[in-house]
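The values are calculated or read from the model by the stated rules, or taken from the named source; none is laboratory data. A quick note: this is a predicted structure, and the numbers were derived from the prediction, not measured. So basically every Cβ, Gly included, is an ideal-geometry build from the backbone, and we count neighbours across all protein chains shown. With ligands, DNA and RNA removed, areas are computed over all heavy atoms of the protein, side chains included. Shrake-Rupley method; radii C 1.70, N 1.55, O 1.52, S 1.80 Å.
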Amino acid sequence: MNLAPSTSLIANLRAELQHWAPFALMAPEHVDRFTQAATQVYFAPDETVLAPSDGVVQQLLLVRRGAVSGRPHSGSAGVGFQCEAGDLFPLGAVLGARAVTSVYTAVGDTFCLQVPIAAVHALAQESAPFADFLNRRVQQFLAMSNRALQASVASQTLAEQSMATPLRDLLRGAPVGVAPSTPLRDALRLMHERRIGSVLVQDETSGAAIGMLTRHDIVDRVTLAERPLATPITEVMSSPVIVLGLDDTAQDAAIAMSRHAIRHLPVADAQGRVVGVLSERDLFALQSLSLRQVSSAIRAAADMPALRAASADIGRLTRRLLGQGVGARQLTELISHLNDLLTLRLVELVAPRHGVDLSQGCWLAFGSEGRSEQTIATDQDNGIVFASDDAARDRTAWLAFAREVNAELDACGYPLCKGNIMASNPECCLTAQEWLGRFGHWIDHGAPEDLLAASIYFDFRPLAGNAALAVPLREAVTRRAAAVPRFIKQMADNSLRNRAPLDWLGGIETKEVDGRELLDLKMNGTAIFVDVARLYALANGIAETHTRRRFEAIAPHLKAGPQESEGWSGAFEFLQSLRLQAQLRSTTQPNLVDPAALNDIDRRVLKECIRAMRRLQQRVELDFQR
């Protein structure tokens, strides 16, 4: 039975719809256009709403009350999904001008608004938010969720300029540069007149950065060294210079400044010509708590109590930045970077006490730290690769060194690994040849324990010491895994054992924990995206370990466009964001969330993320289980 809304209902319908995406972003007159074109339809419990046999879809529907479950029609693979109040469906069939591929059934008494296809296309021509939502639903939900998080805190400093801001948007003018032959006197006069803390030395032809002179350099290399003012600037400048591009982000600049202990960073265009210089003041005017402040405290730590205090600052900085709207990708990379600095400093302090030569060994990070995706609640996954002509003799010193480092990391808030994947375990303290033998055994045998080990150890990167020792390990994993199809098939089968958490009706599948229905955002969330990204990277000989960069690298191999690849990454990073929020709320249940307790937008995004997860697993089935 169709019920066309009367004029008196239009205003009420507008207010109702504006609680949901995309109507919350649309102009009121465009929301009214939607409701005026709509008719209301009632479906009894278990009544079919849409089916493949209906032919090309003629209406876009919005669930107003009740729910609609979608199940693949007979003979099709896949699991169900559920549309709740506020959901538009079937978007894929509408945009593709085709029939649906699933059978849609009413769950209980259900009321829907249905709008003819012609009216949908006309509205999309007039309303950009509506058109954008039809084509980029997941990204729109993610954007709305991020805005809601920002609005929940008082400070808006990073809401206006986030750490994801491209550097092109932060530059304040052309760089102040001089030629390589410029005398110190002229350079110093220029810095004084312009009231700037640095001057760039540029190639006169290309405009590329050759070096930089800062106030720190003046004290150290000019004043104390008693250099004559006629000295060419090239003799006292800092060189080479760290240079970033216009499309790099504020987060990239923050890490570069922290990693290299610098305060000024040239920014170049695609041709290498420097077009501006970013200062620490420019970057951290956005916030009162500086990443450099925390990283400087870590670098300056002279003993273990100082490192423990610095580790607490990492958590405080994370809480502040999350509340100010910094994205999960930026946050996990920042957390990983600071954890790297802390581990590096700890390694430097402990090594001399055990007589180990860091030029002959390398501290390795595995798992989430190896992917630069650490969250707040993270334990240790690490190892050592060392050079030796007598491994049994030298391993003793490396193990003693590792035991102290592992114990001190535990004291700094990074718990000992329950699975003993730590450098103090003799199985994780090996020469390069021993590591290669271990990796080769896992790939050649592929027993369940081998696949589990590969999923942890293959996501590694060098963290402290001689990084060159890790190069042959990465080359071997990248080359050998791709050359053994049986191993890749086993990895695919293993990844599919952990299914996307959707029940048979397409709702979010939870588990009862202490009387509450909760979802594990790690095991039933981010881990599934990580597994799929790793699988395709190994299968295609891609050396990258970071999940987003893996998705970007594998997209061409899977013939997936940028929009689809961004959807995978966006879904993964939203789940990471929920994990970070959960970890800040609870130390006893750091990865658990109650979907029913989420706000409307976050609950919808969560469902969309799980659907994206399911589609990725269906792709794995088609590619590796046929």
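For the stretch 508-521, putting each phi into the Karplus relation 6.51 cos²θ - 1.76 cosθ + 1.60 with θ = phi - 60° gives couplings of 5, 8, 10, 10, 6, 9, 6, x, 10, 8, 10, 10, 7, 6 Hz, in residue order, rounded to whole numbers and with x for Gly and Pro. Could you tell me how many degrees, from 0 to 90 and to the nearest 10, lie between the Cα long axis of helix 471-482 and the main elongation axis, the longest principal axis, of the Cα atoms of the chain? Roughly 30 degrees, rounded to the nearest 10.
Each Lys and Arg adds +1 at its Cβ and each Asp and Glu adds -1 at its Cβ; summed about the Cα centre, the chain shows a dipole of about 420 debye. Ellipticity at 222 nm from helices only: DSSP H runs of n ≥ 4 in the chain, each -39500 (n - 2.57), divided by the residue count, give -14500 deg cm²/dmol. Principal-axis analysis of the Cα atoms of the chain puts helix 328-354 at an angle of about 30° to the longest axis. Selection among V277, G70, Q583 by position relative to the dipole of the chain gives V277 as farthest towards the positive end (Cβ unit charges, Cα centre). According to the square roots a ≥ b ≥ c of the eigenvalues of the Cα gyration tensor, what is the shape class of the stretch 221-277, taking rounded for a/c under 1.5, prolate for a/b larger than b/c otherwise, and oblate for the remainder? Note, shape of the stretch 221-277 comes out oblate. Inter-part distance, the stretch 511-557 to the stretch 371-416, computed on C-alpha centroids, equals 25 Å. Straightening the chain between S206 and D32 buys 57.0 nm, computed as 0.36 nm per residue apart minus the Cα-Cα spacing. Here the simple spin-label model places points 7 Å from the Cα toward Cβ, and for D269 and A44 these points are separated by 7.0 nm.
With charges only on Cβ, +1 for K and R and -1 for D and E, what is the dipole size of the stretch 222-357 about its Cα centre, in debye, rounded to 20? Once rounded to the nearest 20, the dipole reads 460 debye.
Give the share of C-alpha pairs in each 10 angstrom bin for the stretch 222-376, from 0 to the last occupied bin, in whole percents, shortest bins first. That works out to 9, 30, 33, 21, 7, 0, in percent per bin. Segment A476..L244, full-extension length gain: 80.5 nm, with 0.36 nm per residue of separation and the alpha-carbon distance subtracted. For the stretch 477-617, the Kirkwood estimate of hydrodynamic radius, built from reciprocal distances between every pair of different alpha carbons, is 15.9 Å. Here the Karplus curve 6.51 cos²θ - 1.76 cosθ + 1.60, taken at θ = phi - 60°, turns the phi angles of the stretch 578-594 into couplings of 4, 4, 4, 5, 5, 5, 6, 7, 9, 9, 8, 10, x, 10, 9, 9, 9 Hz, with x standing for Gly and Pro. Each distinct pair of alpha carbons in the stretch 463-532 adds a 1/r term; the inverse of their mean, the Kirkwood radius, is 15.4 Å. Between R499 and T101, the FRET efficiency from the beta-carbon distance, with R0 = 25 Å, is close to 0.80. The label point for A164 and the one for A467, both projected 7 Å from the Cα toward the Cβ, are 2.6 nm apart. Taking only the alpha carbons of the chain, we obtain Rg and Dmax values of 28.1, 93 Å in that order.
Beta bridges assigned by DSSP with both partners in the chain are antiparallel in approximately 90 percent of cases. For the chain, the longest principal axis of the C-alpha atoms and the axis of helix 527-539 are separated by about 70°. Rolling a 1.4 Å probe over the protein heavy atoms gives the chain an accessible area of 43 Å² per residue. Return the tail of the calculated pair distribution for the stretch 188-296, meaning the percent of Cα-Cα pairs more than 17 Å apart. Of all Cα-Cα distances in the stretch 188-296, 57 percent exceed 17 Å. The residue list A351, H557, A27 was ranked by how far each Cα lies along the charge dipole of the chain toward its positive end, using unit charges on Cβ atoms, and A27 comes out on top. Nonpolar atom fraction for the chain, defined as the carbon and sulfur part of the 1.4 Å probe accessible area, stands at 51 percent.
When the charge dipole of the chain is built from unit charges on Cβ atoms (+1 for Lys and Arg, -1 for Asp and Glu) and taken about the Cα centre, the candidate among V94, A306, S238 whose Cα reaches farthest toward its positive end is S238. Here the relative contact order of the chain, from alpha carbon pairs under 8 Å that lie six or more residues apart, stands at 11 percent. With both residues required to sit in the stretch 265-392, DSSP beta bridges show an antiparallel share near 100%. Amide H to amide H, with H built 1.01 Å from N, L50 comes under 5 Å of Y104, counting only residues 5 or more places away or on other chains.
Counting charges near A377 (Lys, Arg +1; Asp, Glu -1) among other residues having Cβ under 10 Å from its Cβ returns a value of +1. Cβ-Cβ distance of D410 and R189, R₀ of 56 Å, FRET efficiency by 1/(1 + (r/R0)^6): the value works out to about 0.55.
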